[in-house]
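Asks: One structure, pasted below without further comment.
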Amino acid sequence: MSRKLHLALMLIGLVISVIAVNMIAANWLSRVRIDATEAGLYRLSDGTLETLDEIGEPVRWTFYYSRRAAADYPAIRAYGARVRELLQSYEAAANGRIRLVEIDPEAFSEDEDAAIEAGLTPAPIGEGQRLFFGLVAEDSVDRRLAIAYFAPEREALLEYELTAMLGNLVRTETPVLAILTGLPLAEDAPARLNSRIVQQLEASYTIEWVDRSFVELPDADAMLIVHPPRLSDAQLYAIDQFAMRGGRIVAALDPMAHVALRPGPDGLPPVNARRSSDLGALTQTWGAVFDPDVTVMDRELALPVQVNEGGRVRVRSYPLWFAPGPEQFSQTDLAMAGFSRGINLGSPGMVTLEERAGVRAEALVTTSADAARYPAEQAASNPGPDALAEAWPEESGRYVLAARISGVLPSAFPNGPPEGAERIFDVAEHLPQANGPTDAVVIADADWLDDSFFLTRDAQFGDSVVADNMSFALNLVDMALGNRSLVGLRAAPSSARPMTRVDDLRERAEARYVEEQAALQAGIDEAQERLAALEDPSATAEAADLAPEERLDEVNRLRDNIASAEQRLREVERDFRRDIDALDNALRLWTLWLPPLLILLFGLGLTGWRRWRARP
């Protein structure tokens, strides 16, 4: 057989082998996935797998993605690939119960009309074009849910939102949320407080308002407790057993509730208004100790407030009112993912976490490291910024403001109903601990739920959101009312893999010039002030004492100094850009040109070596 024929047959056999391998993989290995990413970006969590197992009827996922429009936006294109691959992981793990279809809707087409009708929100990208990037889920009876737009900044919530959508599609009934509060938030409450958060909850869920004098709790999936009234042991026992039976609780307690003491139309606080609130021994038994007699203040995160000092209104930082931001949020809990702003708090308390067998306590929100305790009784007297500064201790610290307790929670009433409540509750149904893993969230403040803490109102422009208080509340309630398997989900890491070494090199290059740049700019500013003084002799006595010739010489010298400093400043900026360009060129050489060049040289060397070996 000739060498040419042998080579041709080898190539034909290689092509046939590649086609055969692809056909085998498509038919028998299409559901096999190997996630080799460092953070397991495509590895579905146990909670997601549990939700997939609950799917009875097939679900259709329609992924609307304007792939051609996204081609000009690298960040969207990369995130689009991330979303697509995760959706394919869901489809593979569902074993045929999810059918994924991707559509690239063209302008003015039926696909575009269907996407808009399903609730998707396209992003305008100029020239009249729109970019669709969302998902529509439908079950066999045409119930439909949608993710309007996959925002890249919410990547940490991607798996949670997809799994929650599936759970809501499988679930046929609207979740029920019980709300217990000592504030006038209910529909029939006298002098009801308008609450944007309550309005949003009423639009999304079935709300059961719990009367202050309740004996039994309604049948609900979760319970929101906001600055509760004074509760009897029997009422605390009812809440305790609600948690033991798997009911999730979100409790906003407060050592100094400003919203509770807000004067009504008559100029007086509401009747029976309480400055502080707690849940007795419940939270302490679960490992989240709340002291209603202690508030916390934070100098670093203090909010600006108007203060009347000697008849003059000034804006001062007020440490009792402060705004923890993303740096103070949990990096693993989904409820804290995706925030770009802080959460405004008013004289909050603190939660001390203690170990309990079978229970995990995790801080959701903390203060900065520059925080201190302050007696709630003194905070009630509205101390000024100076009084708070004088009371500041020698050492500051970091305190927990909100925490999640999860696991098999112990009962605060291990021996059964409290004395005198046996006739109300069936002793045989008492649970000394939770009947399965559940969770509760404790927040040491209730003021943050009030509209005034996160909304600013303008007669011309309407309401503006200035903090993420409402998003925080809705996230907590959504998770509490979601499928039990959602409790195990955590915020996913970003798929972005920044070139950290390159960023370090850039920062070092910039640092070399920042100091010199600042010194030059300071010299220019000082020379300009001196020049202005010399040009106006009446401004300073020193300038007035100089003779006209001396003043002229000094003016010319200063102008020359300013011109040379500005020239040097331009040279510094030019040198900085030149160094950055040199760094970019070096990176291109090492990452784009050098590898293929080495491969080429290796191939040429190998060819030359083989020819040399083949010579007689």
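Asks: Pop out the Kirkwood hydrodynamic radius of segment 273-355 from its pairwise C-alpha distances, inverse of mean 1/r, in Å to one decimal.
Replies: Values: mean 1/r = 0.0658 Å⁻¹.
After inverting the mean inverse Cα-Cα distance, the result is 15.2 Å.
Asks: Over all distinct Cα pairs, what is the inverse of the mean 1/r for the chain, reported as the Kirkwood hydrodynamic radius in Å?
Replies: Computed over the chain, the radius equals 30.1 Å.
Asks: In addition: Going by accessible area, probe 1.4 Å, with all protein chains left in place, what is the ranking of Asp104, Asp525, Asp72, largest first? Can you show the working numbers first?
Replies: On the way: Asp104 45, Asp525 70, Asp72 125 Å².
Per-residue accessible area, sorted high to low, gives Asp72, Asp525, Asp104.
Asks: For the chain, which longest stretch is free of loop sites, where a loop site is one of the chymotrypsin sites (Phe, Trp or Tyr not before Pro) that DSSP puts outside H, G, I, E and B and that has at most 10 other Cβ atoms within 10 Å? Kindly include the intermediate steps, with their values, before the conclusion.
Replies: Values: sites that count: Phe108, Phe461.
By the stated rule (loop sites, at most 10 other Cβ atoms within 10 Å), 109-460.
Asks: I'd like to compare 344-353, 9-18: which one has the highest average count of other Cβ atoms within 10 Å, and what's the full order after that?
Replies: Values: 344-353: 24.2, 9-18: 10.1.
Per-residue Cβ counts within 10 Å, averaged per peptide and sorted highest first, yield 344-353, 9-18.
Asks: Treating the beta-carbon of each Lys and Arg as +1 and of each Asp and Glu as -1, no other charges, what is the dipole magnitude of the chain about its Cα centre, to the nearest 20 debye?
Replies: Working: 60 positive and 94 negative charges, 728 e Å.
Computed about the Cα centre, the dipole is about 3500 debye.
Asks: What ranking of Glu117, Glu394, Glu85 comes out by heavy-atom accessible area, probe 1.4 Å, highest first?
Replies: Working: Glu117 145, Glu394 190, Glu85 75 Å².
Of Glu117, Glu394, Glu85, the descending order of accessible area is Glu394, Glu117, Glu85.
Asks: When averaged across all projection directions, what area in nm² does the alpha-carbon convex hull of segment 557-616 cover?
Replies: Working: hull surface 23.3 nm².
If I average the Cα hull's projected area over directions, I get 5.8 nm².
Asks: Right, another one. Apply 1/(1 + (r/R0)^6) to the Cβ-Cβ distance of Trp392 and Asp46, taking R0 = 45 Å, and write down the FRET efficiency to the nearest 0.05.
Replies: Details: r = 46 Å, r/R0 = 1.03.
Using R0 = 45 Å, I get an efficiency of 0.45.
Asks: Dipole magnitude of segment 318-418 about its Cα centre, charges +1 at Lys/Arg Cβ and -1 at Asp/Glu Cβ only, in debye to the nearest 20? Provide the component values of the computation, followed by the final result.
Replies: Values: 6 positive and 11 negative charges, 97 e Å.
For this selection, approximately 460 debye.
Asks: Taking R0 as 35 Å, what's the FRET efficiency between Ala75 and Thr332 from their Cβ-Cβ distance, rounded to 0.05?
Replies: Numbers: r = 25 Å, r/R0 = 0.70.
Efficiency for this residue pair is about 0.90.
Asks: Tell me the relative contact order for the chain as a rounded percent, counting alpha carbon contacts under 8 Å between residues six or more apart.
Replies: Details: 1004 pairs, mean separation 76.8, N = 616.
Rounded, it is 12 percent for the chain.
Asks: Now for a separate question. What net charge is computed for the residues neighbouring Ala191, neighbours being all others with C-beta under 11 Å from the C-beta of Ala191, Lys and Arg scored +1, Asp and Glu -1?
Replies: Surrounding charge for Ala191 is +1.
Asks: As a test of the formula, what do you get for the chain when each DSSP H run with n ≥ 4 contributes -39,500 (n - 2.57) and the sum is divided by the residue count, at 222 nm and rounded to the nearest 500 deg cm²/dmol?
Replies: -12000 deg cm²/dmol
Asks: Rg and Dmax of segment 277-416, Cα atoms, in Å?
Replies: Values for segment 277-416 (Cα only, Rg and Dmax): 17.0, 60 Å.
Asks: After finding the eigenvalues of the alpha carbon gyration tensor for segment 171-298, what semi-axes result from the square roots of 5 times each, listed largest first in whole Å? Please list the in-between numbers first.
Replies: Values: eigenvalues 108, 84, 37 Å².
Sorted largest first and rounded, they come to 23, 20, 14 Å.
Asks: Name the residue from Tyr160, Leu201, Val400 whose Cα lies farthest towards the positive end of the charge dipole of the chain, charges +1 on Cβ of Lys and Arg and -1 on Cβ of Asp and Glu.
Replies: Positive-end residue among those listed: Tyr160.
Asks: Can I ask one more? Quickly rank 266-273, 180-187 as a protection proxy: mean count of other C-beta atoms within 10 Å, highest first. If you can, show how the numbers build up before the last one.
Replies: Working: 266-273: 11.6, 180-187: 19.8.
For the peptides 266-273, 180-187, the packing ranking is 180-187, 266-273.
Asks: Summarise the accessible area of segment 123-282 (1.4 Å probe, protein heavy atoms) by the percent that is carbon and sulfur.
Replies: Details: 3410 of 7120 Å².
It is 48 percent, rounded to a whole number.
Asks: Going by amide H atoms built from the backbone, whose H comes under 5 Å of the H on Ala380, apart from near neighbours?
Replies: none
Asks: Please arrange Leu303, Leu158 by accessible surface area, largest first, computed with a 1.4 Å probe and ligands excluded.
Replies: Values: Leu303 40, Leu158 5 Å².
Largest to smallest exposure gives the sequence Leu303, Leu158.
Asks: So if I place +1 on the C-beta of Lys and Arg and -1 on the C-beta of Asp and Glu, and nothing else carries charge, what would the dipole magnitude of segment 375-455 be about its Cα centre? I want it in debye, nearest 20.
Replies: Numbers: 3 positive and 14 negative charges, 79 e Å.
Rounded to the nearest 20 debye, it is 380 debye.
Asks: Still on this structure: Taking θ as phi - 60°, what are the ³J(HN,Hα) couplings along segment 379-395 by the Karplus curve (6.51, -1.76, 1.60), each to the nearest whole Hz, with x for Gly and Pro?
Replies: Values, residue by residue: 5, 5, 8, 6, x, x, x, 5, 5, 5, 5, 5, 8, 5, x, 5, 10 Hz.
Asks: Considering amide H positions built from the backbone, and no H for Pro or chain starts, which residues 5 or more places from Arg99, or on another chain, come under 5 Å of its amide H?
Replies: So Arg99 has HN proximity to Val59, Arg60, Trp61.
Asks: Which ³J(HN,Hα) values in Hz, rounded to whole numbers, follow from the phi angles of segment 10-19 under the Karplus curve 6.51 cos²θ - 1.76 cosθ + 1.60, where θ = phi - 60° and Gly and Pro get x?
Replies: Ordered by residue, 3J(HN,Hα) equals 4, 5, 4, x, 5, 5, 4, 5, 5, 5 Hz.
The values are calculated or read from the model by the stated rules, or taken from the named source; none is laboratory data. Please read these numbers as outputs of a predicted model, since none were measured by experiment. Heads up, the Cβs are rebuilt from the backbone with ideal geometry, glycines too, and the neighbour counts pull from every protein chain shown. The protein model used for the area step is the full one, side chains on, heavy atoms only, and it has no ligands, DNA or RNA in it. Shrake-Rupley method; radii C 1.70, N 1.55, O 1.52, S 1.80 Å.
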